[in-house]
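Q: First the structure, then my questions, so here it is.
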Ligand SMILES: Cc1cc2nc3c(=O)[nH]c(=O)nc-3n(C[C@H](O)[C@H](O)[C@H](O)COP(=O)(O)OP(=O)(O)OC[C@H]3O[C@@H](n4cnc5c(N)ncnc54)[C@H](O)[C@@H]3O)c2cc1C
């Protein structure tokens, strides 16, 4: 591992001045479950690592206020998976957080780190996409809210600007009943990154939101507003054709060691059908 300096700012202003001084040579550290691996294998070679966990605005917190649930960036997966408000309003996010790594990882891995790392296989990304989350980013120029659909660019790259960090993720509380689920497929049982990770949300108007990752350079959201997918009486062929359209942007990499493109495509369709069925069932079951 290449030697690096370590800073642990206790205010945002302090963090901004370090980021300004070091530019691209600085890397933020939250739980470290992605970054430490990259430091060890040399794919990240920062001059300074900036630990964000002592900054009050980023400290672990889940708050329900003004029509939304706000999850601060350093909130870890185990807290999200067990939080009663997340489980009630955003069950697909709770389910996604519950399958990240093993318990030791879930006690360190943060929501901010999961999305800022921008792996196409990030398990919380599809749930955040179907729930229409906003990413709250701050920099020395101020605060901006980035719709999650505008956040991911490609593997390892987001639309965060240099010197910006994520303080929180905001989820609008659903205005009516919904049914949702997160599903994924891994190479083996137990702990593994997803070959396909997918979330589905159905609302009382029959609108179906499907988001999927690990089948292209970034996670993608696709929406059926026709009501066909969620309609129990609709023709199976019409549903299959619609799902094909919704998955048209999937482009699994042929170079991946985790699964072939053919396998990922087949699993995407299988999980998609299952997820719609489960989400519709949950909506009906209240
Ligand atoms: C054994 C193992 C199993 C895993 N299993 C899974 C899995 O099943 N599913 C899954 O999705 N992931 C998995 N991961 C990956 C990892 O645990 C998650 O992506 C985790 O959520 C990363 O969070 P972190 O706090 O550890 O991030 P860190 O490693 O601290 O940071 C990750 C990246 O985000 C940046 N960053 C962190 N916080 C901020 C912020 N507030 N603002 C701006 N940038 C920031 C860092 O600079 C870095 O580039 C696994 C990792 C390991 C080691």
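What follows draws every value from the coordinates through simple rules; no lab data is involved. Treat the numbers as computed from the prediction; the structure is a model and nothing was measured.
Q: Using only Cα atoms, what is the ratio of the radius of gyration of region 178-285 to 2.2 N^0.38 Å? Show your work: numbers first, answer last.
A: Values: Rg = 13.7 Å, N = 108, 2.2 N^0.38 = 13.0 Å.
Taking N as the residue count of region 178-285, the ratio is 1.05.
Q: To the nearest 10 degrees, how steeply does helix 236-246 sit against the main Cα axis of the chain, on a 0 to 90 scale?
A: For helix 236-246, the angle is close to 20 degrees.
Q: Further question: Classify region 1-120 as rounded, prolate or oblate from the Cα gyration tensor: take a ≥ b ≥ c as the square roots of its eigenvalues, call it rounded if a/c is under 1.5, otherwise prolate when a/b beats b/c and oblate if not. List each step's numbers first, then the result.
A: Numbers: a/c = 2.71, a/b = 1.54, b/c = 1.76.
Here region 1-120 falls in the oblate category.
Q: Indicate the gyration tensor shape class of region 5-51 (rounded, prolate or oblate), computed on the Cα atoms with a ≥ b ≥ c the square roots of the eigenvalues: a/c under 1.5 is rounded; otherwise a/b larger than b/c is prolate and the rest oblate.
A: Values: a/c = 2.91, a/b = 1.61, b/c = 1.80.
Oblate.
Q: Can you give me the Cα centroid spacing of region 109-152 and region 26-61 in angstrom?
A: First find each Cα centre; the distance between them is then 16 Å.
Q: Continuing with this model, one more query. Which shape class, rounded, prolate or oblate, goes with region 88-177 when its Cα gyration tensor gives a ≥ b ≥ c as root eigenvalues, a/c under 1.5 marks rounded, and past that a/b bigger than b/c marks prolate?
A: Values: a/c = 1.79, a/b = 1.21, b/c = 1.47.
Because a/c hits 1.5 or more and a/b fails to exceed b/c, region 88-177 counts as oblate.
Q: Still on this structure, I have one more. What is the Cα centroid distance between region 157-191 and region 200-268, reported in whole angstrom?
A: First find each Cα centre; the distance between them is then 17 Å.
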